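In what follows, a single structure is set out as structure tokens and then discussed.
The values are calculated or read from the model by the stated rules, or taken from the named source; none is laboratory data. Since the structure is predicted, the reported quantities are computational estimates derived from the model, not experimental observations. In this analysis, Cβ positions are derived from the backbone assuming ideal geometry, glycine residues included, and neighbour counts consider all displayed protein chains. In case anyone asks, the SASA skips ligands and DNA or RNA and just uses the protein heavy atoms, side chains included. Shrake-Rupley method; radii C 1.70, N 1.55, O 1.52, S 1.80 Å.
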Amino acid sequence: MNLYEGETAVAVSPIFLSTNHNFLCTFVLNMIDQATIDRILDAAQIVDVVSDFVTLRKRGVNYVGLCPFHNEKTPSFSVSPSKGVCKCFSCGKGGNAVHFIMEHEQLSYYEALKWLAKKYNIEIKERELTKEEKQNQSLRESLFLVNQFAAEYFQDILYNNIDGQSIGMTYFRQRGFRDDIIKKFQLGFSTEAKDALAKTAIQKGYKQELLLKTGLCYMKDDGTIRDRFWGRVIFPVHNIAGKVVAFGGRVLNAATKNVQMKYVNSPESEIYHKSKELYGIYFAKQSIIRQDRCFLVEGYTDVISMHQSGIENVVASSGTALTSDQIRLIHRFTNNITVLYDGDGAGIKASIRGIDMLLEEGMNIKVCLLPDGDDPDSFARKHNATEYQAYINNNEVDFIRFKTNLLMDEAGKDPIKRAELISSIVKSISVIPDSIVRSVYIKECSQLLKMDEKVLVDATAKLIEQAVENKEKEEERKKQREEYNKRQQAIAQSEEAQTANSNDDNVNAAVSSDYPPSSPDAGSIPPQEYIPADTPQADTYSSYIPTQGNEGKVFYIQEESLVKMIIRYGEKVVCYVEDEDGNEQPVTVTEYIASNLREDDIQFHNPIHRKILKEAEENIHNDNFVSERFFLSSPDPEISKTAADMSSDRYQLSNYHSKGQKIITDEERLYELVPRLLLDFKISILKEEMKHTLQALNDPAIASNPEKCAEIMTHFRDLTETQNMILKDAGDRTTSLY
């Protein structure tokens, strides 16, 4: 993409429009046709895609690794090559290759497909989006494009501007950076003109609003905008996918007049959160995986110099204390980390808290002090990769031993300081999750500190117990906050519904929306709103069962089982029926479930499940329709995510043994499994609906309204009649549920 094509429209590039010299930046974003989507999905091997971001190890027929979406110490993220899906069985996130990229890179469905197409060199055939679809494109994509423009602008100034060559390039070469390294890290320069970037960007068609949102510029009190990085050499910050999310700018000696800060960094934005980024992670991730070790340094130049010396598995915390998000970023690729400190040891104690966090994450941590007078940057400029690695291997020490020796030297013979030292060491040991590793450290520290091992064991156990108690209290407080927020939301929804229905003469709509369930089991959430059937594409489902909080209910579990059958086997034949001419006609799983639910006027409770059944029924007779593939590649992220979850091997409905013989799969016994699941679901959801319908009568607002009471009683009688018919048809299932 050439960002300097002015007002020429280029596919998937900015189009720059001018009206009275006020430029508007829009984007030609096109929808990919289904044939191209199929090619992308066929090419995108899930293990290959996930391996770009997560270290995977083979376990049986699948692969496992640490989940990239939440904090964990033992792998629960499973990747199935045969199914083409991934799934974290702790936090629940996952899906196919598209969903993984969407979640990991925070991209839209369309953007994720483009990402995969680029990875596998697939040409994209597109149709132009409608005006409404263009307006729905995310702000994030716009900010990424503006940052990319800025990165190219700064590089252009460095290479093609007189000041860029004489000041910026001279500085980089004085630091010893080779031209290939300068190009690799996309280093740049900004002149001392305080609004040069802003003027160029606006002239090229980029909105002032986006320049401010990225932090490239800021607005002065008089309403004019000013470049943030004027008069500085530029260090772009890339996220794990290689996109520019922020910039760091270092002022040079020749431009220090009236400038107080040596470094200026981008502020937080929609695409940049400093606590979640590590400088150099994009360039280091593959090397970290190969070496199974990560070096942690402090600044930009430390990373760049070590890369130049041949050590690429290095990242920087950019002068900030380590955060849990940064640690998890490293932990995706390795368990082993070596922290490199300046030779004078300045700031070591201040960073110990961050290293304790590394221990808590289950990382294996070592510390290496460089010779006096050297930092990782200067030491790298004096040595090649072999010499650097040799020095580290000979001088790195385990963190617990390092911390113990450091504090012992400081404490000396002072008993108070020694007591504080012991408490600090024990605290570090207590956060280590592996009990065996804790035991080894306790034994070693008892020897170093010349203390009874039992004393350290007891002190560690006490801290662990206290930490568990604090965690439970925090979880309880979090749960209480969530419950309070739900109650407040339910009250607000109820008030809105009552206001909306005060002018509505439709009794059914009034009953459905006015009722605020009062029982604890109902979760204080009003029933789903009744929508007239003649509304275009309306979902006409109406129920007194609460909208949320049903995941553990019997009917909901059975509903999920039926949806799994639709996704996995929707196009399979479950039985045959005779037509008017006496010929046998096949009935698919989708048709059987849909017609049976319709016959008893019953619907799925979850709107996504209803949508899946509707789409399956609409497409069941299309040529080459395969339900699982159809839903996995759905452009609706909620549907495709649900399909991916329900396609996972972990969710196999049953493995049925017949008299000790071979395992009979679900597909082989659809004729018995689908009717049984369907019957169980209909009985369970009717039971749940009847219970909540009766609870509605206990609400004072409804009890005082004879018309609404009559309406609800009629609804209850209808439910009872339907239940009796189903139980009668079920044969031996005649026991009443009430």
message = In the stretch 377-428, if the dipole is taken from +1 on Lys/Arg beta carbons and -1 on Asp/Glu beta carbons about the Cα centre, which of S378, S423, Y388 is farthest to the positive end?
response = S423
task = Provide the per-residue ³J(HN,Hα) series for the stretch 173-189, in order, calculated from phi with Karplus coefficients 6.51, -1.76, 1.60 and θ = phi - 60°, each as a whole number of Hz, with x at glycine and proline positions.
result = 6, 5, 6, x, 6, 6, 4, 5, 6, 4, 6, 4, 8, 6, 5, x, 8
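Classify the stretch 183-321: rounded, prolate or oblate, from the alpha-carbon gyration tensor (a ≥ b ≥ c, eigenvalue square roots; a/c under 1.5 rounded; otherwise prolate if a/b is larger than b/c)? Mind dumping the intermediate values first?
Working: a/c = 2.27, a/b = 1.76, b/c = 1.29.
It comes out prolate by the Cα gyration axes.
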ask   = Please report, for the Cα atoms of the stretch 80-122, the Rg to one decimal and the Dmax as a whole number; what are they, in angstrom?
value = 11.0, 34
ask   = To the nearest Å, what is the center-to-center distance of the stretch 56-130 and the stretch 371-437, using C-alpha atoms only?
value = 38
message = Over the stretch 569-626, with the other protein chains present, what is the accessible area per residue in square angstrom, probe 1.4 angstrom?
response = 58
ask   = Using only the Cα atoms, what convex hull volume per residue in Å³ does the stretch 365-428 have?
value = 94
task = Determine, for each peptide in 418-429, 556-567, the mean count of other beta carbons within 10 angstrom over its residues, then list the peptides with the highest first.
result = 556-567, 418-429
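How large a share of the accessible area of the stretch 23-124, in percent, is made up of carbon and sulfur atoms when the probe is 1.4 Å and the other protein chains stay in place?
Values: 2180 of 4250 Å².
Roughly 51 percent of what the probe reaches on the stretch 23-124 is carbon or sulfur.
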task = Sort D458, D377, D409 by accessible area with a 1.4 Å probe, largest first.
result = D409, D458, D377
ask   = Ignoring ligands, DNA and RNA, what accessible area per residue does the stretch 164-320 give at 1.4 Å, in Å²?
value = 41
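Just to verify a number: FRET efficiency for D48 and D623, C-beta to C-beta distance, R0 = 30 Å, to 0.05?
Once rounded, the FRET efficiency stands at 0.50.
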task = Return the Cα extents of the stretch 272-431 along principal axes one, two and three, sorted largest first, each rounded to a whole Å.
result = 47, 32, 25
request  = Using a/c under 1.5 as the rounded threshold, could you call the stretch 41-88 rounded, prolate or oblate? The axes a ≥ b ≥ c are square roots of the C-alpha gyration tensor eigenvalues, and prolate needs a/b larger than b/c, oblate otherwise.
outcome  = prolate
message = How big is the stretch 56-208 along each principal axis, measuring the range of its Cα positions in Å and listing the largest first?
response = 60, 47, 30
message = When a/c reaches 1.5 or more, the comparison of a/b and b/c decides; with that in mind, is the stretch 162-227 rounded, prolate or oblate per its Cα gyration tensor?
response = prolate
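Based on the mean of other Cβ atoms within 10 Å per residue, sort peptides 623-634, 95-106, 581-592 so the most packed one is first.
Numbers: 623-634: 17.2, 95-106: 22.8, 581-592: 15.5.
The densest-packed peptide leads the list: 95-106, 623-634, 581-592.
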